[in-house]
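One structure below.
The values are calculated or read from the model by the stated rules, or taken from the named source; none is laboratory data. From a predicted model like this one, the values you see are computed outputs, not experimental measurements. All Cβ positions, glycine included, derive from the backbone under ideal geometry; neighbour counts span all protein chains shown. When the accessible area is computed, the model is the full protein with side chains, heavy atoms only, and any ligands, DNA or RNA have been set aside. Shrake-Rupley method; radii C 1.70, N 1.55, O 1.52, S 1.80 Å.
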Amino acid sequence: MNSGIFGEVHARSCISIRGIEKVKKLITRSGVPATITSPLDSLQKGNWVKLICGASFEDVADIRNLSLVYTLAGVDCIDCAAEASVVNAVNDGIEAARGIIPIRRPWVMISVNDDEDLHFQFDPDDCPADCSRPCEHVCPADAISHSGKAGVSKGGVLAERCYGCGRCLPICPYDKIRAITYIRDVGAAAQLLKEDYVDAVEIHTSGRQAESFQQLWNGLGDSIDKLRLVAVSLPDMGELTVPAMNSMYATMKVNLQCLNLWQLDGRPMSGDIGRGATREAIKFALHLASTKEKPKGFLQLAGGTNAHTVEGLKRERLFQTTSISVGRVLRSLQSEHGYARLEDCPHHLLDAVIQALALVGTVKCYNER
């Protein structure tokens, strides 16, 4: 019996090794290790790509696996929540990728808000039995479960997965979902920024409350001294956009010792919707690119970006930095059969890397051999 067990384990090990070898060959064949540059060089070349896990998304298993996959695909930066466990998950995924094939590290960025962070809740016990549950179908992060997990939760909105897109709120036919808000401790975020494994910070702002932005910036204090990049994510405010940017830059430049970037959130958290979702992001970028009065800093497209964005930018003769939001990619990367580590199930890892390369490659222009 023991030899049978050993034989089964040995067979699984051989299958796993062969699966990982397929992943390595795919990465090498795509030209990723030979093509990607340092994150700084990518910014300067205009082919910077950032994976947005989200300021509120805290499912550490998924974040760890996403970081593994997109490090292999050559992203320049991974943006995550300002929580130590989440940052550790990102770095664990990065090192797992580097253990599969030698590849440079992406920068790790934490996201903070200068105002309240929006989340959603409902009690599944209040839902009528005959409800078609449209909230489950519309959620891009699979953050809604009416049944919950045995011994863990009874269901509702799973806080660690919800990143606040708000699509569930208007679609509930019985008005059972409610919005809640919370504000992260700026002191805790400042402490994280002092750690060696965090390279950058992104500040999410509405752009309409200069005082809130200034308070957050001052609260970060000297924690920004060692950073390589400070990003500000803001929506399109029309004629108010550039004045707001200038006001925020005036606040930052007093003690800004690194590069800065403006993340243009054309249509927040909508990249998974399709071709139409990228239009507002491109429109926003076109407006700012043609404006001479904007402050110093790189421009990065965000909300609404997807596999169609680069095509649209090339049509407009405008090719700037871009980002990839988690979106529905989570559905294909979720741990299956109890696997917490994606590399323990190499065929799932291979499928995920293929998807990631299809997205990142549109910007990075990897070799297709």
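Would you be able to say whether some residue in the range 37-48 is open to solvent by less than 10 Å² (accessible area, probe 1.4 Å), in a loop (DSSP other than H, G, I, E, B) and in contact (Cβ under 8 Å) with a residue 12 or more places away in the chain? So far as the range 37-48 goes, yes, one or more of its residues are open to solvent by less than 10 Å² (accessible area, probe 1.4 Å), in a loop (DSSP other than H, G, I, E, B) and in contact (Cβ under 8 Å) with a residue 12 or more places away in the chain. The residue that is nearest to Gly361 (Cα to Cα), among those in the range 289-317 that are at pLDDT below 80 and open to solvent by 20 Å² or more (accessible area, probe 1.4 Å), is Ala307. Taking the stated definitions as given, is Leu286 over 19 Å from Ile78 (Cβ atoms), at pLDDT 60 or above, assigned to a helix (DSSP H, G or I) and of a type outside the set (S, T, N, Q)? Yes. When the range 339-364 is limited to residues that are farther than 21 Å from Pro140 by Cβ and open to solvent by 80 Å² or more (accessible area, probe 1.4 Å), the one that is modelled with the lowest pLDDT turns out to be Tyr339. Quick check on the range 244-278: of everything there that is under 20 Å from the mean Cα position of the chain (by Cα) and in a helix (DSSP H, G or I), which residue is modelled with the lowest pLDDT? Taking the candidates together, the pick is Arg275.
In the range 279-304, the residues that are closer than 12 Å to Val232 by Cβ reach residues that are open to solvent by less than 10 Å² (accessible area, probe 1.4 Å) and small (Gly, Ala, Ser) with C-beta atoms within less than 8 angstrom, at least six apart or across chains, in these pairs: Leu299/Ala285; Gln300/Ala231; Gln300/Ser323; Ala302/Ser233; Ala302/Ala281; Ala302/Ser323. Annotation note: Cβ proximity below 7 Å between a residue of the range 17-32 that is in contact (Cβ under 8 Å) with a residue 12 or more places away in the chain and within 23 Å of Cys365 (Cβ to Cβ) and a residue that is hydroxyl-bearing (Ser, Thr, Tyr) and not in a helix (DSSP H, G or I) (sequence gap 6+ or interchain) occurs for Ser30/Tyr366; Gly31/Tyr366; Val32/Tyr366. Contact annotation: residue pairs with Cβ atoms under 6 Å, 6 or more positions apart or on different chains, pairing a residue in the range 236-261 that is over 22 Å from Ile282 (Cβ atoms) with a partner that is of a type outside the set (D, E, K, R) and in a helix (DSSP H, G or I), are Ser247/Ala210; Met248/Phe213; Thr251/Gln214; Thr251/Trp217.
Of all residues in the range 62-88, those satisfying the criterion of being part of a helix (DSSP H, G or I), in contact with a Leu (Cβ under 9 Å, 6 or more places away or on another chain) and of a type outside the set (Val, Ile, Thr) are Asp62, Arg64, Asn65, Leu66, Ser67, Leu68, Tyr70, Leu72, Ala84.
Across the range 175-228, the number of residues qualifying as among the β-branched types (Val, Ile, Thr) and surrounded by fewer than 16 Cβ atoms within 10 Å (Cβ to Cβ) comes to 3. Looking at the structure I just gave you, is Asp123 in contact (Cβ under 8 Å) with a residue 24 or more places away in the chain, open to solvent by 10 Å² or more (accessible area, probe 1.4 Å) and either of a type in the set (Phe, Trp, Tyr) or farther than 25 Å from Leu349 by Cα (or both)? Spelling it out, Asp123 is indeed in contact (Cβ under 8 Å) with a residue 24 or more places away in the chain, open to solvent by 10 Å² or more (accessible area, probe 1.4 Å) and either of a type in the set (Phe, Trp, Tyr) or farther than 25 Å from Leu349 by Cα (or both).
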